[in-house]
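Novice: Provided herewith is a single structure, encoded as structure tokens, for subsequent inquiry.
Nothing in this text is a laboratory measurement; each read-out follows from the coordinates by a stated rule. Fair warning: this is a prediction, and the values are worked out from it, not measured in the lab. Virtual Cβ from ideal backbone geometry, glycine too; neighbours counted across all protein chains shown.
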Amino acid sequence: MTRLVMKFGGTSMADLERIRRAARLVAAEADAGHQVAVVVSAMAGKTNELVAWTDGAGAPTGQVNAGDDEYDVVVASGEQVTAGLLAMTLRNMGYKARSMTGWQVPIITSEAHGKARIVDIPSDNLDKAFDDGYIVVVPGFQGVTPQGKITTLGRGGSDTSAVAVAIAAKAVRCDIYTDVDGVYTTDPRVESKAKRLKKIAFEEMLEMASLGAKVLQTRSVELAMGHRMPIRVLSSFVEPGENVDNGTIVCDEDEIVEKHIVSGVAFSRDEAKITLLGLPNKIGVSAAVFAKLAAANINVDMIVQSEKRSGDYANQLFTVSRRDAKAAADIMLGAKDEIGFDDIKVDDNVAKVSIVGVGMRSHTGVAQTMFTALSEKGINIQVISTSEIKISVLIDEAYTELAVRALHAAYGLDQIGA
Ligand code: ADP
Ligand code: ASP
Ligand code: MG
């Protein structure tokens, strides 16, 4: 018997009616002869509500203090509710089903509360449940440390739970059911002309996710890519049988026949730009700046340094996520004399817009098309960063949607056939 993992996100678990629809999709796969493990998210909006409660009780929203283990006890609870409800629904339909929490599976994670990483999933308990004929329902997002403390995997983490369970269970595939019917050339909520991709390479999906396309959590793609676990993204708003030839397969590049130079446009508003003015242009200054940020666990994304026209001074600019902007600025101000800069500016009215595609490796002129398209819309580029398969620009946040649509058209993405 082949094994299959099916994951349902928050909107797919939003109420009992949707849970019943998910149960029908699960039942159809079980009827088709699969041993099924289902991974579920909390009902839509539930995790935000739980996070807000922890805020009131002490932990600042979005800034989980390392070691704030009670935050995880609270926010992990949303997934437990939906797992139990789905297992009950399946039972009422006549199927043998049971829930298995993160600590019962167990999904062993690191101790980084609020952003834990899965380190191991021993498969004995899952195997036993499958052998006993159960459909197993696992609450996503949650795990347990080797010391037995509850952890969570970071927002959107149920995708990662699903891929990890698929790997542990040696499933043939991990199906991610969500509120869109696949991965699109850009967020269909921003560009209605966005087209569904039949297939997307792991590497492209990894870039798309890390550059802001929240359809899959970045870590889930990284994990799937490392283990060659195929992911299929598809709609949960259908009845069994209606998903034929639907969805998007995330797979190896070699399996994709119809290749595009640029496969997608991603954007992120979770950006803040910090500029250090009049930084001494001497050896060791950048090391001093970034060592301080690293010590505070602040992730830096784009970095640009430019020399002043005269004198031995430079300006340096870097970006961090918005929630880290204040902490980063405070750290820099605290070290102003030691580092020796004149002034600091913080701007969080910025957004990052990126194009992604493996075809960039072998085609020239890709960047020029991007810069021309943006300039034609009067959009100023503040920072540029590139890698082998992506180009990102930082722009004024007010132009985000305009930029996404302009780039989508410039690379002919509204023309491609799904
Ligand atoms: P779930 O609750 O099922 O995990 P998410 O809200 O996390 O769902 O992810 C699905 C959403 O991702 C879609 O509703 C869509 O707005 C957004 N999204 C962003 N970029 C893309 C993209 N390129 N393709 C499809 N969806 C995207
Ligand atoms: N419920 C969690 C969140 O909202 C995890 C998930 O849905 O993937 O972030
Ligand atoms: Mg999600």
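Novice: Please go through segment 215-237 and pick out each residue that is assigned to a strand (DSSP E or B), within 12 Å of ligand 1 (Cβ to nearest atom) and not polar (S, T, N, Q). If you could, list the steps in order and put the result at the bottom.
Specialist: At the first step, the residues of segment 215-237 found to be assigned to a strand (DSSP E or B) are 231-235.
Subsequent filtering for residues that are within 12 Å of ligand 1 (Cβ to nearest atom) retains 233-235.
Passing the criteria: 233, 234.
Novice: Within the set of pairs 6+ apart or on separate chains, which have a first residue in segment 346-367 that is under 13 Å from residue 207 (Cα atoms), a second that is surrounded by 17 or more Cβ atoms within 10 Å (Cβ to Cβ) and basic (Lys, Arg), and C-beta atoms under 7 Å apart?
Specialist: Taking only residues 6 or more apart or on different chains, the pairs are 354/390; 355/390; 356/390.
Novice: Something else now. Exactly one condition in (1) without any contact (Cβ under 8 Å) to a residue 40 or more places away in the chain; (2) surrounded by fewer than 19 Cβ atoms within 10 Å (Cβ to Cβ); (3) in a helix (DSSP H, G or I) is not met by residue 288; state its number.
Specialist: (1)
Novice: Further question on the same structure: Look at segment 128-182 and say how many of its residues are among the hydrophobic types (A, V, I, L, M, F, W, C), away from ligand 1 (no atom under 13 Å from the Cβ) and either free of Cβ contacts under 8 Å to residues at least 24 places away in the same chain or assigned to a loop (DSSP other than H, G, I, E, B) (or both).
Specialist: Selection size over segment 128-182: 3.
Novice: In this structure, is residue 101 surrounded by 21 or more Cβ atoms within 10 Å (Cβ to Cβ) and under 25 Å from the mean Cα position of the chain (by Cα)?
Specialist: For residue 101, the condition - surrounded by 21 or more Cβ atoms within 10 Å (Cβ to Cβ) and under 25 Å from the mean Cα position of the chain (by Cα) - is not met.
Novice: OK, next. Could you run through segment 183-214 and say how many residues are surrounded by 24 or more Cβ atoms within 10 Å (Cβ to Cβ) and either assigned to a loop (DSSP other than H, G, I, E, B) or touching a Pro at 6+ places or on another chain (Cβ under 6 Å) (or both)?
Specialist: 4
Novice: Within segment 66-113, which residues are outside any helix (DSSP H, G or I) and without any contact (Cβ under 8 Å) to a residue 40 or more places away in the chain?
Specialist: Passing the criteria: 94, 96, 98, 100, 104, 106, 108.
Novice: Can you tell me which residues in segment 187-200 are out of contact with any strand residue (DSSP E or B) (no Cβ under 7 Å at 6 or more places or on another chain) and more than 9 Å from ligand 1 (Cβ to nearest atom)?
Specialist: 191, 192, 193
Novice: All but one of (1) surrounded by 22 or more Cβ atoms within 10 Å (Cβ to Cβ); (2) more than 15 Å from ligand 3 (Cβ to nearest atom) hold for residue 261; which doesn't?
Specialist: Unmet for residue 261, out of (1) surrounded by 22 or more Cβ atoms within 10 Å (Cβ to Cβ); (2) more than 15 Å from ligand 3 (Cβ to nearest atom): (1).
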